[in-house]
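**Student:** One structure, as structure tokens, below. Some questions next.
The values are calculated or read from the model by the stated rules, or taken from the named source; none is laboratory data. Note that the coordinates shown come from a computational prediction; the quantities given were computed from them, not determined experimentally. Glycine gets a Cβ as well: all are built from the backbone with ideal geometry, and neighbour counts include every protein chain shown.
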Amino acid sequence: MEEQFLNKRLDELWQLTQDPDLARATRRMLDVGTDLFLSRDLETKILNIRKKYNSLSEESVDHNPDSYQEQMNNLRAEIELVCTEVKEKSKVPAQPSVINKVMLTTEGLGKVYEGKGRTFRFEPLTLELKTGEITGVVGENGNGKTTLLRMLAGDLASTSGTINFPQYHTNEWYEAKQKIGYIPQRIDTWFGTLSDNLKFTASIHGIKDEENDYAVDYIIERLGLNKFRDLTWKQISGGYRLRFELAKVLIRKPQLLILDEPLANLDINAQQLFLQDLKYLSQSIRHPFAVILSSQQLHEVENISDNLIFIKNGNTLYSGARRDFGKDRSTNCIELNGQFEKQELIAAIKDMEGATVEETGTIYIVNFAVNIAPVELLKTLLSKGLMVNYYRDISDSTRKLFKKDM
């Protein structure tokens with residue numbers, strides 16, 4: 001079992017060097033170093049390779065592309081050598097995975113806000129969060145997503161129900177709180193440099209002396225913050241402030257990470273990198289953690305999540321495994337747009353069983369019988385001469401729950 005795990009991880013690294021995807025290869029090398037029992041010398045060698053990659057990636061290829069490519073090729077050769085050394089010298093944990101431990105459960109967790117002329121109720125919710133899994137919380141603004149996350153983080157008292165931490169026998173909140181990392185929508189201003197803040201965070205969580213230096217170096221390089229090491233709050237963009245907050249949380253090895261709208265200030269490339277890192281890091285063999293995050297970036301969250309919670313007007317319309325949503329549906333559902341009018345679309349699909357069309361802004365949502373393959377709709381539209389610009393199958397997506405008739 002342990003040997004299979006090691007070979008799988010090293011095969012992944014080898015493939016990344018052949019693609020070549022040295023950005024991901026050097027990140028995954030650091031992850032492997034964390035998961036295995038390696039000597040500090042070998043851990044440092046891996047960290048230095050990542051540092052070298054980060055330094056090279058900041059250089060301008062335009063000035064000397066041949067030299068840049070040669071250095072990247074040399075770096076790839078170094079990675080391959082270290083992979084061989086890791087295989088020879090690593091000690092795989094006897095029990096390589098502590099993933100899927102239940103870190104938090106709720107029973108009937110609810111909240112009531114009494115306001116002037118309006119009462120908002122977050123209706124009771126029962127859920128569980130496991131290490132190595134990502135739970136996405138989706139829904140329209142003002143429907144209760146932040147309320148849920150604040151209650152889970154201990155930032156807001158609930159009106160009803162309980163929050164439990166099965167891994168702590170006493171279930172003491174103070175003890176559990178030390179293992180929770182919470183990053184709210186609005187990140188507080190911090191002072192001093194990024195590296196000084198990380199050193200301070202590590203030290204107050206018991207990471208001292210040389211271990212402190214290594215931990216800070218590791219998390220800075222792992223999250224690509226090296227060029228911001230000596231910068232302050234005002235000198236860093238909103239997207240990188242988020243990565244700094246993530247670094248500050250991860251340096252103390254949480255068992256539960258709560259993120260409220262973390263993708264809001266990130267461009268599409270930064271979103272993909274952030275989510276990929278969440279997936280990789282949460283599934284660490286030695287230090288896995290549960291993740292729950294809210295976001296308006298529905299499709300990105302669905303792609304990365306193991307579980308989904310959809311909230312509308314304080315009511316949970318769905319809470320369960322991502323793969324199970326829509327499994328028992330009676331219709332297929334496609335959202336699309338193109339160079340045609342609604343009536344042209346209706347006319348084109350009038351012979352499809354159960355076909356209906358709903359217009360939502362610039363997008364049409366088409367429903368039809370589940371026994372008809374989604375691709376058949378696209379074939380039909382093209383055969384009728386309709387030009388399609390955008391086409392997405394949302395048959396098993398919570399996107400359907402945003403429809404007006406819900």
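**Student:** In the set 372, 346, which member is farther than 25 Å from residue 149 by Cβ, without any contact (Cβ under 8 Å) to a residue 40 or more places away in the chain and surrounded by fewer than 19 Cβ atoms within 10 Å (Cβ to Cβ)?
**Tutor:** It is 346.
**Student:** Looking only at region 187-196, filter to residues that are modelled with pLDDT under 95 and of a type outside the set (Gly, Ala, Ser); which one of those is surrounded by the most Cβ atoms within 10 Å (Cβ to Cβ)?
**Tutor:** 190
**Student:** A further question follows. For region 97-192, list the strands (runs of 3 or more DSSP E) that sit wholly inside it and hold at least 3 residues that are of a type in the set (Lys, Arg); which are they?
**Tutor:** 118-130
**Student:** For region 356-369, enumerate the residues that are within 11 Å of residue 337 (Cα to Cα) and loosely packed, with under 15 Cβ neighbours inside 10 Å.
**Tutor:** Residues satisfying the conditions are 359, 360, 361, 362, 363.
**Student:** Next question. Identify the single condition in (1) over 30 Å from residue 45 (Cα atoms); (2) crowded, with 19+ Cβ neighbours inside 10 Å; (3) hydrophobic (A, V, I, L, M, F, W, C) that residue 163 does not satisfy, given that it satisfies every other one.
**Tutor:** Of (1) over 30 Å from residue 45 (Cα atoms); (2) crowded, with 19+ Cβ neighbours inside 10 Å; (3) hydrophobic (A, V, I, L, M, F, W, C), only one is false for residue 163: (2).
**Student:** Could you please let me know if residue 43 is outside the structural domain of residue 288 (by TED's automatic domain parsing), at pLDDT below 85 and within 31 Å of the chain's Cα centre (by Cα)?
**Tutor:** In short, no.
**Student:** What is the number of the single condition among (1) touching a Phe, Trp or Tyr at 6+ places or on another chain (Cβ under 7 Å); (2) within 24 Å of residue 295 (Cα to Cα) that residue 177 does not meet?
**Tutor:** Among (1) touching a Phe, Trp or Tyr at 6+ places or on another chain (Cβ under 7 Å); (2) within 24 Å of residue 295 (Cα to Cα), residue 177 violates only (1).
**Student:** How many residues does region 242-289 contain that are in contact (Cβ under 8 Å) with a residue 60 or more places away in the chain, buried (at least 18 other Cβ atoms within 10 Å of the Cβ) and either small (Gly, Ala, Ser) or assigned by TED's automatic domain parsing to the domain that holds residue 27 (or both)?
**Tutor:** Of the residues in region 242-289, 2 are in contact (Cβ under 8 Å) with a residue 60 or more places away in the chain, buried (at least 18 other Cβ atoms within 10 Å of the Cβ) and either small (Gly, Ala, Ser) or assigned by TED's automatic domain parsing to the domain that holds residue 27 (or both).
**Student:** Do we find a residue being among the small types (Gly, Ala, Ser), buried (at least 20 other Cβ atoms within 10 Å of the Cβ), in the same structural domain as residue 301 (by TED's automatic domain parsing) and within 20 Å of the chain's Cα centre (by Cα) anywhere in region 232-239?
**Tutor:** No, region 232-239 contains no residue that is among the small types (Gly, Ala, Ser), buried (at least 20 other Cβ atoms within 10 Å of the Cβ), in the same structural domain as residue 301 (by TED's automatic domain parsing) and within 20 Å of the chain's Cα centre (by Cα).
**Student:** What number of residues within region 290-300 satisfy the criterion of being in contact with a Leu (Cβ under 7 Å, 6 or more places away or on another chain) and at pLDDT below 95?
**Tutor:** Total satisfying the criteria: 3.
**Student:** Then there's this: I'd like the full set of residues that are in contact with a Gly (Cβ under 8 Å, 6 or more places away or on another chain) and in contact (Cβ under 8 Å) with a residue 40 or more places away in the chain, limited to region 164-181.
**Tutor:** Within region 164-181, just 180 meets the criteria.
**Student:** Applying the selection to region 198-241, what residues are among the aromatic types (Phe, Trp, Tyr) and either under 18 Å from residue 281 (Cα atoms) or touching a residue at least 12 places away in the same chain (Cβ under 8 Å) (or both)?
**Tutor:** Result: 214, 218, 228, 233, 240.
**Student:** Considering only residues that are touching a Ser or Thr at 6+ places or on another chain (Cβ under 8 Å), assigned to a loop (DSSP other than H, G, I, E, B) and within 10 Å of residue 136 (Cα to Cα), which ones fall in region 281-306?
**Tutor:** 305, 306
**Student:** So residue 211 clears everything in (1) surrounded by 19 or more Cβ atoms within 10 Å (Cβ to Cβ); (2) in a helix (DSSP H, G or I) except one condition, right? Which one?
**Tutor:** Failing condition for residue 211: (1).
**Student:** Continuing with this model, one more query. Can you tell me which residue is farthest from the chain's Cα centre (by Cα) among those in region 307-359 that are of a type in the set (Gly, Ala, Ser) and not in a loop (DSSP other than H, G, I, E, B)?
**Tutor:** 347
**Student:** A follow-up question, please. When the residues of region 360-385 are narrowed to those that are of a type outside the set (Val, Ile, Thr) and in a helix (DSSP H, G or I), which ends up nearest to residue 402 (Cα to Cα)?
**Tutor:** 374
**Student:** Consider residue 336 carefully, then state whether it is surrounded by fewer than 18 Cβ atoms within 10 Å (Cβ to Cβ) and either over 30 Å from residue 237 (Cα atoms) or touching a Pro at 6+ places or on another chain (Cβ under 7 Å) (or both).
**Tutor:** no
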